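Notes for the one structure printed next.
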Amino acid sequence: MQFGRIFGITLRIDWSWLIVFGLMTWSLSGAPGPFAHLPERTRIVTAAIAVLLLFACVIAHELAHALTARRFGIDTASITLFVFGGVSSLRSEPNSPRAEALISLAGPLTSFVLALIFFAVASVVRVGDAAATAMLYLAFVNALLGAFNLLPAYPLDGSHVFHAIVWHVNKNRARATGFTAGMTRAVGGAFVLFGILQLAGGYLVSGVWLELLAWFMLRAGQAEWQYEMILRPMQAMRVVDVADPVGASLPLKANCQAALDRMIATQHRALPVVSNDELSGMVTLADFAKLDGRALDDAAVTSIMTRAADLVSVAASEPAFAAFQKLANSSHSQLPVLDEHAHLVGFVTRDTVIRSLLFAREQQMLGPISRR
Ligand SMILES: [Zn+2]
């Protein structure tokens, strides 16, 4: 749900935040809470105002990330508030450890500064009892927000600070991500244990909350690792870089007997039918069912093949990842690769995908290889 724009950045709110708003207002205005000593009506209003201010503080935290990112030439598409706080979606990634560290630190730093301001105002300015309580509460929550976000676990800010330090030290971004993902598992695992202890002690709410946070961290760590190992290296690959060359093909005039012989000889379950390098169609073993009693010698391969126009094909210049997605979404085990003149230049198969993933992964772990 979009609710505003600031500095050219779209502000969004996830429905889960509305639940948090309700829950926090309700729990804050409840009996064992910071506002318990206030009269009932004041209590609910103060709690609601405090939670709304907290909401503004979370936006300020995220804006600090976004504006620091902007200094490094990285735009922020949107800021979304959801159950665990806020998240800024940067349009690109920081390309140096320094940028990553500063962008990540800006948020918690802002939260700490806000905590100090609330604390100072509450203790210096003579405000009413309700306002002072609310401000002390906001000081406490902002300090907590800053500290919690510094934990070295994905997707928290601390994970990126940790990642930036490891990246700076070993000069390998992918390996730094591996370390940080491992750190995330450790922190997430500690939260799981902590949560279990809380649950065993009968503290249901905090126990469930800790388990939820643990699940959130472990899932984010897994996602970061997969992104680093698979998506990032694949972004640079084109279809033409990964495609298998055309091993065997059939001429347009071939009959089905020749097609079958060629398949058996080459161990290919599918063969392209080409004329002048141009793809006319594909014939697979399954297509022989279309013979319907006709003799292999008498039937032209063109009578059973799938015509090029009906095939899902990929362009050689397309990003490899897009081709892999097409392959995953199609029922075929291979997709023909065509160049700009519709000439068949190769195939993308499931084997191609696995091979290039493994290659990308290994290359990523080695880091940039110098040409010298
Ligand atoms: Zn943050």
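We did not get these values from a lab; they are worked out from the coordinates using the rules stated. Values in this document were obtained by computation on a predicted structure and should not be read as measured data. Counting neighbours? That spans all protein chains shown, and the Cβs are built from the backbone with ideal geometry, glycine included.
When the chain is treated as a Gaussian network with alpha carbon springs shorter than 10 Å, the biggest mean-square fluctuation among ARG269, ARG232, ARG173 belongs to ARG269. When the charge dipole of the chain is built from unit charges on Cβ atoms (+1 for Lys and Arg, -1 for Asp and Glu) and taken about the Cα centre, the candidate among LEU109, LEU156, HIS61 whose Cα reaches farthest toward its positive end is LEU109. Considering only GLN363, SER331, LEU138, whose Cα is most displaced toward the positive end of the charge dipole of the chain, charges sitting on Cβ of Lys, Arg (+1) and Asp, Glu (-1)? In the chain, that residue is LEU138.
Over segment 240-362, the alpha carbon radius of gyration divided by the compact-protein estimate 2.2 N^0.38 Å works out to 1.08. Rounded to the nearest 20 debye, the dipole magnitude of segment 91-226 is 360 debye, with +1 charges on Lys and Arg beta carbons, -1 on Asp and Glu beta carbons, and the Cα centre as origin.
Averaging the sequence gap over all C-alpha pairs within less than 8 Å and six or more residues apart, then dividing by the number of residues, gives segment 17-79 a relative contact order of 23 percent. Farthest toward the positive end of the dipole of the chain, out of ALA236, GLY73, LEU311, is the Cα of GLY73, where the dipole comes from beta carbon charges about the Cα centre. On a 0 to 90° scale, report how tilted helix 173-200 is relative to the longest principal axis of the chain, with both axes built from alpha carbons and the result rounded to the nearest 10. Value to nearest ten degrees: 50. The relative contact order of the chain, computed from alpha carbon pairs under 8 Å that lie at least 6 residues apart in sequence, is 11 percent. Taking 12 Å as the cut-off, the amide N atoms of segment 122-164 that come nearer than this to a point 7 Å along the Cα-to-beta-carbon line of VAL45 belong to 130-131.
Taking the helices alone, the chain has a mean residue ellipticity at 222 nm of -18500 deg cm²/dmol, built from -39,500 (n - 2.57) per DSSP H run of at least 4 residues and averaged over all its residues. Between ASP298 and LEU52, the contour length at 0.36 nm per residue exceeds the alpha carbon distance by 80.6 nm. Multiplying the residue separation of VAL169 and VAL240 by 0.36 nm and removing their Cα-Cα distance gives an extension gain of 22.0 nm. Does the chain classify as rounded, prolate or oblate by the C-alpha gyration tensor (a ≥ b ≥ c root eigenvalues; a/c under 1.5 gives rounded; else a/b over b/c gives prolate, otherwise oblate)? Note, shape of the chain comes out prolate. Using only the alpha-carbon atoms, how far is helix 157-170 inclined from the longest principal axis of the chain? Give it as 0 to 90 degrees, nearest 10. On a 0 to 90 degree scale, this one is about 60. Check the straight Cα-Cα distances from LYS171 and name the lysines below 19 Å, setting aside those fewer than 8 residues away within the same chain. Leaving aside lysines fewer than 8 places away in the same chain, none come within reach of LYS171. When the chymotrypsin sites (Phe, Trp or Tyr not before Pro) in segment 163-239 are filtered for DSSP coil states and for at most 10 other beta-carbon atoms within 10 Å of their beta-carbon, no site remains. Arranged from fewest to most other beta-carbon atoms within 10 Å of their beta carbon, LEU102, LEU23, LEU271 become LEU23, LEU102, LEU271. Placing +1 on the Cβ of every Lys and Arg and -1 on the Cβ of every Asp and Glu, with nothing else charged, gives segment 272-339 a dipole about its Cα centre of roughly 220 debye. Placing unit charges on the Cβ atoms only, positive for Lys and Arg and negative for Asp and Glu, gives the chain a dipole magnitude near 960 debye about its Cα centre.
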